[in-house]
Amino acid sequence: MKIIQPPSNGSLPVDPEHFTGRAMMARLDDVSTEPDINVYRVWFEARARTAWHIHSGIQLLLIIEGTCRIQSSGGAVKEVDEGGAILITAGERHWHGAANEKSMTHLAININTSTTWFDRVTDEEYEDT
């Protein structure tokens, strides 16, 4: 058994280079090393979102509060409500964040993953339905 306590510094602001709007993150790194698993609890204010990015491995998003807005490159913007989950495959270019009117919190579980960041999501892309 391995027990990982929440970070002593709590949630910290995310890197503004890779996010639009206000968001906070608490990291649980090295939950496992075989496979390599990191967990991030991320809170997004309404309309806040990541930049476009890909992961080298899979990412599982568990929506624990609010509604997540997400889009894969070439696809439509979709919304997933509290209690839902999203599986993002390795190499899938995407972004995710909160819906228009209220904040959202998800757990991002990254398995054997590094992240490559791209350009910011424009307001037009965010609004595309």
Q) In whole Å, what is the distance between the alpha-carbon centres of region 1-29 and region 43-84? A) 16 Å
**Q.** From phi via Karplus (6.51, -1.76, 1.60), per-residue ³J(HN,Hα) for region 91-103 in Hz, x at Gly/Pro
**A.** x, 7, 6, 7, 9, 8, x, 7, 6, 4, 10, 8, 5
Q | Label corresponding to Cα Rg over 2.2 N^0.38 Å when calculated from the structure given, among [x] 1.05; [y] 1.11; [z] 1.00 | A | [z]
Q.
With a cut-off of 8 Å between alpha carbons and a minimum separation of six or more residues, what is the relative contact order of the chain in percent?
A. 29 percent
Q) Once every DSSP H run of n ≥ 4 in the chain is given -39500 (n - 2.57) and the sum is divided by its residues, what mean residue ellipticity at 222 nm do you get, rounded to the nearest 500 deg cm²/dmol? A) -500 deg cm²/dmol
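Rule-based calculations on the coordinates, nothing more; no lab input. It should be emphasised that the depicted structure is a prediction, and the values quoted were computed from it without experimental measurement.
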